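Peer 1: Quick one: the structure is below, and I'll ask about it shortly.
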Amino acid sequence: MMTHMCVDATTRVAKDFGFECVVIGDACATKNLEINNEIVNATEAQKSFLAALNYNYSSVITTKQFLVQ
């Protein structure tokens, strides 16, 4: 699942429908993105999207955190 597409869209819609969301940040990934002929590194894009989701739409946790719940 690409964080910048499926994970982001699904999490936001689920929250809008009243679901409490958890995203396992190290179980998804993204790729380098491009805007205005500039490359956004995949690592930075991943952190940015997860940070935005963690802000209001979900709790972003690791696989290890999920497994010990």
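Read the figures in this text as sums done on the coordinates, not as results from a lab. Just so we're clear, the structure is a prediction, and the values are computed from it rather than from any experiment. Note that we place each Cβ from the backbone using ideal geometry, even for glycine, and neighbour counts take in every protein chain shown.
Peer 1: Looking only at the range 43-69, which residues are in a helix (DSSP H, G or I) and touching a strand residue (DSSP E or B) at 6+ places or on another chain (Cβ under 7 Å)? Reasoning before the result, please.
Peer 2: In the first step, residues of the range 43-69 are kept if they are in a helix (DSSP H, G or I); the result is 43-56, 63-67.
45, 46, 50, 53, 54, 63, 66, listed by residue number.
Peer 1: Among the residues of the range 1-49, what is the count of those that are small (Gly, Ala, Ser), in contact with a Phe, Trp or Tyr (Cβ under 9 Å, 6 or more places away or on another chain) and under 17 Å from residue 63 (Cα atoms)?
Peer 2: Adding up the residues that qualify gives 1.
Peer 1: Turning to a different aspect of this structure: Looking only at the range 1-59, which residues are within 22 Å of residue 69 (Cα to Cα), surrounded by 11 or more Cβ atoms within 10 Å (Cβ to Cβ), without any contact (Cβ under 8 Å) to a residue 40 or more places away in the chain and among the hydroxyl-bearing types (Ser, Thr, Tyr)?
Peer 2: 59
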